[in-house]
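Colleague: A single structure is presented below for examination.
Quick note: the coordinates plus some simple rules give every number you see, no bench work behind them. Keep in mind that what you see is a predicted model, and the values were worked out from it rather than measured. Neighbour counts are summed over all protein chains in view; Cβ atoms, including those assigned to glycine, are modelled from backbone coordinates with ideal geometry.
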Amino acid sequence: MAQDKQRVLFIDRDGTLIVEPPVDYQVDSLEKLEFLPGVMRAMHLITTRLNYKLVMVTNQDGLGTDSFPEDTFWPVHNKMLKALENEGIVFDDIIIDRTFEHENKPTRKPGTALLTEYLTGNYDLENSWVIGDRQSDMKLAENLGCKGIFINECAFKSWGEIAKFLLDNERKAHVTRNTSETQIDIELSLDGTGQCNISTGLGFFDHMLEQIGRHSGMDLKIEVNGDLHVDEHHTIEDTAIALGDALRIALGDKRGIERYGFTLPMDDCLCTVALDFGGRPWLVWEADFKREKIGEMPTEMFLHFFKSLSDSARMNLFIRAEGTNEHHKIEGIFKALARAIKMAINRDINNFSLPSTKGTL
């Protein structure tokens, strides 16, 4: 996302913020004004935790006609805005289209004629969203070149889900690290589904990194081009540094996370990984290996990997492994690390306190 461009939430009104009456579909009296459940809490979280410009975009059929006079619309509309404002929710722009549905004018959603400022201005539409309850809202998202959040029984069922989705969508990182020895590109999403696409040139290392993604639930994409004609050292070390950077960036200010987190058995082995995303790097390593290599990966590089990862992510790592099978020991360590990460990054969006008595991490 371009840092100098503003993201936007284009939000529908009737059926999205307030309940749309099922008979005449007109919110034309204060008695009909009813907010969707959870909208206040969710919108407060969104406006206080995320950096979006709030834009209301609503079609109001025949506003100003005898069937829907303005003197019935504005008191309800202003009451709605005041109720939102009292909760700290203020729209930066309100765009109301007054044409009838059958007129099909370019000013009416999903047309973009009233949104020219956002198409031509300094806005990051690719990372912006339209939130609405109709297919026309989703088509508006497509026409604007942004993404859509569809409120219905099959997509987003509540405003709580919407708030969680938008907040989780922030916890991503894209890190590139280019030196004369390695070229590394990493994309990471803390709130993923464990999807992995990993290529380092070292098959066993790829397998271990995939354990981190799969068992932590993070989406992880790692592309590495290293000087393997020299040896494996730079590829493994620099990947650990870049992965640690990605974790640190994606965690952001760490508000609401569990922070700590795993002991995991694997056949004959018992592997313990305890970690703390407390901002102070430290590694305790209690694992010995009798083989010089597992796959193409030198066993002496395991300690080096975790030390580099700990330093870069600024986390405290305690690692212990007991057992006889060397493959099982190191795979158990990587899986235990993944489960510890999964525990530690878990976040309660309704409790954004910092998990520290110091007030900083």
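Colleague: Under unit Cβ charges (Lys, Arg +1; Asp, Glu -1), what dipole magnitude, rounded to 20 debye, does the chain have relative to its Cα centre?
Modeller: On the way: 40 positive and 58 negative charges, 180 e Å.
That gives a dipole near 860 debye.
Colleague: Restricting attention to region 278-361, which trypsin sites (Lys or Arg not before Pro) occupy a DSSP loop and are surrounded by at most 16 other Cβ atoms within 10 Å? Mind showing how you got there, number by number?
Modeller: Values: sites: K290, R291, K293, K307, R314, R320, K329, K335, R339, K342, R347, K358; in loops: K290, R291, R314, K358.
For trypsin sites (Lys or Arg not before Pro) across region 278-361 that sit outside H, G, I, E and B with at most 16 neighbouring Cβ atoms in 10 Å, the list reads K290, R291, K358.
Colleague: Now for a separate question. Short version: what are the Cα gyration tensor semi-axes of region 283-361, square root of 5 times each eigenvalue, largest first, in whole Å? Intermediate results must be reported in sequence, preceding the final value.
Modeller: Numbers: eigenvalues 188, 37, 21 Å².
They are 31, 14, 10 Å, listed from largest to smallest.
Colleague: Based on Cα positions only, what radius of gyration and what Dmax would you give for region 7-168, in angstroms?
Modeller: That works out to 15.1, 46 Å for Rg and Dmax.
Colleague: Something else about it: If I take all pairs of Cα atoms in the chain, what percentage of them are more than 37 Å from each other? Don't skip to the answer; put the middle values down first.
Modeller: Details: 23345 of 64980 pairs.
More than 37 Å apart: 36 percent of the Cα pairs in the chain.
Colleague: Given Cα positions, please report Rg to Rh for region 183-227, the hydrodynamic radius being the Kirkwood one.
Modeller: So for region 183-227, dividing Rg by the Kirkwood Rh gives 0.98.
Colleague: If you don't mind, another one. Grab the DSSP H runs of the chain that are 4 residues or longer, score each as -39,500 (n - 2.57), total them, divide by all residues and round the 222 nm result to the nearest 500 deg cm²/dmol. It would help to have the intermediate numbers written out before the result.
Modeller: Working: 9 runs with 120 residues, N = 361.
Using -39500 (n - 2.57) per qualifying helix, the result is -10500 deg cm²/dmol.
Colleague: When DSSP assigns beta bridges and you keep just the ones with both residues in the chain, what percent turn out antiparallel, to the nearest 5?
Modeller: Values: 31 of 60 bridges.
Here the antiparallel bridges make up roughly 50 percent for the chain.
Colleague: Which of the lysines could a cross-linker span from K79 if the Cα-Cα distance has to be under 22 Å and same-chain partners fewer than 8 positions apart are dropped?
Modeller: Excluding near neighbours in sequence, the set is K32, K53.
Colleague: When the distances between all Cα atoms of region 80-190 are binned every 5 Å from zero, what whole-number percent does each bin get?
Modeller: Using 5 Å bins, I get a P(r) of 2, 9, 13, 17, 18, 17, 9, 6, 4, 3, 2, 1, 0 for region 80-190.
Colleague: I'd like the antiparallel share, as a percent to the nearest 5, of DSSP beta bridges with both residues in region 172-345. Before the final figure, lay out each step's value.
Modeller: On the way: 29 of 38 bridges.
Counting DSSP beta bridges with both partners in region 172-345, the antiparallel share is about 75 percent.
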